[in-house]
Amino acid sequence: MNGPSTNRAAAYPTWLPMPACTVHAVAGPPGPHLRQFVQTHCRPGAAIIDLDEIIERLSQGRPGAWAAPALEERNRRLADLAKAPADEEVWLITLSPRQWQRDWWATHLNARVHLVDPGKPAAMAAAVAAGLNVRFVHSWYEDYADPDGWRIPPVRDTRERHLTGRAPGARPPASARGYGTNHGTMRTKLLARQPWCQRCEAEGRGRVPATDLNHIKPFRRPDGSFDGKLFGDPANHEALCKTCHNAHGARTDRDASPLGSGGDGRPLDPNHPWNRR
């Protein structure tokens, strides 16, 4: 039995596509009662995704850091649910002691969440009988009593003004820049086909979960008009992680901005703060 993952990006991957089938997420303190609940309520032949079972199969009893590869396999199986038959039923066993974690599965997988809490004394007794470390039961109930723990409050992003010199609110809304419903649909389909950052793989950084659809060639022409063919062409799409996508955008903005200054010393870039004085 493993404690909460410290890698939130892997434990709660935002790149997962929406499943095409019915998903049940079973949350509760660690112990055999979670699988017993699933076996009691699932249909015959239903798939069960259990991180602890994956770790046990990968490790075969050998010590080591098995959480990361197990999360990778679990997430791959969850991503494959986007192509599953609509009548398939899948049960995901997850501890998820905090309310926001259970809400996350309900939102990102459209899962029907079941909280199975036998009570701390019964959970402790079941853990001891199953040979599990009761420390994880204590941790679960501590987290359960603190439903908003680990929640990261939204932070106002001031980088845009710092990098581009635009005043807050001067940038058009996302829909006006082409990032509306169609872009979201294309992103979902791309990440279902390619869940890993293509640049990280190409540059030897290993498999990093992709989060963004990037247009290799900009679909905005120099005059600001919209090139629909480049926008929707799958050959012009690549799946990137947030770091690679931001780096690509920074390079594009930099290349599109005139560098240097004129003979009067004034910067050539019209968006430079000096030219707004």
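How much space per residue, in cubic angstrom, does the convex hull of the C-alpha atoms of segment 1-111 take up? Don't skip to the answer; put the middle values down first.
Values: hull volume 11.4 nm³, N = 111.
Each residue corresponds to 103 Å³ of Cα convex hull volume.
Using the beta-carbon distance between Ala106 and Lys242 and R0 = 22 Å, what value does 1/(1 + (r/R0)^6) give for FRET efficiency, to the nearest 0.05?
The pair Ala106/Lys242 has a calculated efficiency of 0.40.
Take peptides 9-15, 216-222 and line them up by average Cβ neighbours within 10 Å, highest first, as a rough protection proxy.
Output ranking for 9-15, 216-222: 9-15, 216-222.
For a quick protection proxy, order the peptides 189-195, 201-207 by their average other-Cβ count within 10 Å, most packed first.
189-195, 201-207
Peptides 42-48, 227-233: what's the order by average Cβ count within 10 Å, highest mean first? Intermediate results must be reported in sequence, preceding the final value.
Details: 42-48: 12.0, 227-233: 14.1.
Put in order of decreasing packing, that is 227-233, 42-48.
May I ask you to derive the relative contact order of segment 1-119, considering only C-alpha pairs under 8 Å and at least 6 residues apart, and to give it as an integer percent? List each step's numbers first, then the result.
Values: 169 pairs, mean separation 59.2, N = 119.
Computed over segment 1-119, the figure is 50 percent.
Multiplying the sequence separation of Met18 and Glu142 by 0.36 nm and subtracting their Cα-Cα distance, what value in nm do you get?
Roughly 41.5 nm would be gained on extension.
Run the quick spin-label model on Lys217 and Gln60: label points 7 Å from Cα toward the beta carbon, then report their separation in nm to one decimal.
Result: 5.0 nm between the two label points.
Give, in nm to one decimal, the length gained when the segment between Asp80 and Ala202 is fully stretched (0.36 nm per residue of separation minus the Cα-Cα distance). Don't jump to the answer; show the numbers that get you there.
Working: separation 122, 0.36 × 122 = 43.92 nm, distance 2.30 nm.
Taking 0.36 nm per residue and subtracting the Cα distance, the gain is 41.6 nm.
Checking the cross-link filter: which lysines have an alpha carbon closer than 30 Å to that of Lys83, excluding same-chain neighbours under 8 positions apart?
Correct list for Lys83: Lys189, Lys217, Lys229, Lys242.
Just to confirm a number: summing +1 for Lys and Arg and -1 for Asp and Glu over residues other than Cys197 whose beta-carbon lies under 13 angstrom from that of Cys197, what do you get?
For residues surrounding Cys197, the net value is 0.
Have a look at Pro63, Pro32, Ala11 and report the one farthest towards the positive end of the charge dipole of segment 8-144, computed about the Cα centre with Cβ charges (Lys/Arg +1, Asp/Glu -1).
Toward the positive end, the furthest listed residue is Pro63.
Every number here is computed from the coordinates shown, using simple stated rules; none is lab data. Worth saying up front: this structure is predicted, and the values here are computed from it rather than measured. Every residue, glycine among them, receives a Cβ derived from its backbone with ideal geometry; neighbour counts consider all protein chains shown.
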